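A.B. asks: Before I ask anything, let me first share the structure, which is written out below as structure tokens.
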Amino acid sequence: MKTDIISIKKLKKDGTIDPSITRSLSAMIKNGNTVLMPVDAIYGLVCINEPAKREHIKKLTGDTDEHMVRMISSFKMLNEIANIDKLEFDFMHRIWPGELIVYVEDIGSRGTSIPVRMPRSKYQQDIIEHVGKPCLYAALLDKEKKPIFRKKDIIAALDGKIDCLLLIDEFCKEHTLPSVVDISKGTLTIINEGRVSTEEIKSLYFLGKDDSVL
């Protein structure tokens, strides 16, 4: 497999990239290809949500289906994949877009939770919007489960294994992983405190609730 490598220095001031690159990456993903790009500064594999693509990512990253993040660009997309009540909707509306992964109940399987996020990066939202449906994302991690961020390490790990690498120089540096929470069972569980603090997450989740639930 020949891997295309697209390299740019940084995002534009409005958080976008050249529209021609956005359209090209969107078309690749929509056509069933796998691409790598930084999602809020953490590089990861992105593709459409289909069984064959999930298997491909699983082989490359070791992620299981339930840990592959569903990326959305709108709350309309969220309603297509998750069962959420008003409290949960309000919470995610306060916290997104942002560096937070939220486990919610899968609309296709009662009692099963799936991780979802709405990236903060504008160019990423544009790509998902052009694809027209949620995309799968799996972070590129090393054997110690730390993000791979150096260009040479990314290329060494994936060249010839996926269709395209989008390398953005300003994100080829260390960065804290996103925070992860689970609200799929009607309560808030903090799985990982990352870029968004536990205090902020709790304050936004409990906003508007009675003091008795604290």
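Readers should treat all values here as calculations from the given coordinates under stated rules, not as data from a laboratory. Because the structure is predicted, anything quoted here is derived from the model rather than measured. So basically every Cβ, Gly included, is an ideal-geometry build from the backbone, and we count neighbours across all protein chains shown.
A.B. asks: Within segment 5-107, list the trypsin sites (Lys or Arg not before Pro) lying in a DSSP loop whose Cβ has at most 10 other Cβ atoms in a 10 Å radius.
C.D. replies: Passing both the DSSP loop test and the Cβ count: 9, 10, 13.
A.B. asks: Show me, for segment 120-131, the HN-Hα J-couplings you get by feeding each phi into the Karplus relation (A = 6.51, B = -1.76, C = 1.60, θ = phi - 60°), rounded to Hz, glycine and proline as x.
C.D. replies: 6, 5, 5, 5, 5, 4, 4, 4, 4, 4, 5, 5
A.B. asks: For residue 191, what residues show an amide H to amide H distance below 5 Å, using hydrogens built from the backbone and excluding near sequence neighbours?
C.D. replies: Answer set, sorted by chain and number: 180, 181, 182.
A.B. asks: Follow-up. So what are the ³J(HN,Hα) numbers for segment 77-83, from phi and the Karplus equation (6.51, -1.76, 1.60; θ = phi - 60°), rounded to whole Hz, Gly and Pro as x?
C.D. replies: For segment 77-83, the Karplus-derived couplings read 5, 4, 5, 7, 10, 9, 8 Hz, x marking Gly and Pro.
A.B. asks: Each residue of segment 95-105 in turn: what ³J(HN,Hα) in whole Hz from Karplus with 6.51, -1.76, 1.60 and θ = phi - 60°, glycine and Pro shown as x?
C.D. replies: Calculated HN-Hα couplings, in order: 8, 9, x, x, 8, 9, 9, 10, 7, 10, 6 Hz.
A.B. asks: Now, a different point. Which one of 41, 5, 15 is farthest out on the positive end of the charge dipole of the chain, using unit charges on Cβ (Lys, Arg +1; Asp, Glu -1) and the Cα centre as origin?
C.D. replies: Result: 5, furthest along the dipole toward the positive end.
A.B. asks: Sticking with this one: Mind checking segment 160-201 for GluC sites (Glu not before Pro) that DSSP puts in a loop (not H, G, I, E or B) and that have at most 11 other Cβ atoms within 10 Å?
C.D. replies: Here the GluC sites (Glu not before Pro) that fit, given the DSSP loop and packing criteria, are 174.
A.B. asks: Can you tally the net charge around residue 159? Count Lys and Arg as +1, Asp and Glu as -1, for every other residue whose Cβ sits under 14 Å from the Cβ of residue 159.
C.D. replies: +2
A.B. asks: Just add up the charged neighbours of residue 190: K/R +1, D/E -1, any other residue whose Cβ is under 9 Å from the Cβ of residue 190.
C.D. replies: Result for the neighbourhood of residue 190: -1.
A.B. asks: Still on this structure, I have one more. Can you bin segment 7-112 into rounded, prolate or oblate? Criterion: square roots of the alpha carbon gyration tensor eigenvalues sorted a ≥ b ≥ c, rounded for a/c under 1.5, prolate for a/b above b/c, oblate for the rest.
C.D. replies: oblate
A.B. asks: Among 135, 172, which comes first, then next, by fewest other beta-carbon atoms within 10 Å?
C.D. replies: 172, 135
A.B. asks: Give the relative contact order (percent, whole number) for the chain; include only Cα pairs under 8 Å separated by 6+ residues.
C.D. replies: 31 percent
A.B. asks: Just going by the charge dipole of the chain, with Lys and Arg at +1 and Asp and Glu at -1 on Cβ, which of 141, 98, 201 is farthest out on the positive end?
C.D. replies: 141
A.B. asks: Report relative contact order for segment 57-136 in percent, whole number only (criteria: Cα-Cα under 8 Å, sequence separation at least 6).
C.D. replies: That works out to 40 percent.
A.B. asks: For a quick check: with amide H placed at 1.01 Å from N, whose amide H comes under 5 Å from residue 39's, ignoring anything fewer than 5 positions away on the same chain?
C.D. replies: Those qualifying (amide H under 5 Å, at least 5 residues apart or on another chain) are 44.
A.B. asks: Would you calculate a helix-derived [θ] at 222 nm for the chain, using -39,500 (n - 2.57) for each DSSP H run of n ≥ 4 and dividing by the full residue count, to the nearest 500?
C.D. replies: Value at 222 nm, helices only: -9000 deg cm²/dmol.
A.B. asks: Something else: If amide hydrogens are placed 1.01 Å from N in the peptide plane, which non-local residues have theirs closer than 5 Å to the one on residue 3?
C.D. replies: Answer set, sorted by chain and number: 160.
A.B. asks: So if I place +1 on the C-beta of Lys and Arg and -1 on the C-beta of Asp and Glu, and nothing else carries charge, what would the dipole magnitude of the chain be about its Cα centre? I want it in debye, nearest 20.
C.D. replies: Its charge dipole is roughly 640 debye.
A.B. asks: Which label marks the calculated value of mean projected area of the Cα convex hull in nm², given the options (1) 11.8; (2) 10.9; (3) 21.8?
C.D. replies: (1)
A.B. asks: Please say if segment 105-214 is rounded, prolate or oblate, where rounded means a/c under 1.5 for a ≥ b ≥ c the square roots of the C-alpha gyration tensor eigenvalues, and otherwise the choice is prolate for a/b larger than b/c and oblate otherwise?
C.D. replies: The shape class here is prolate.
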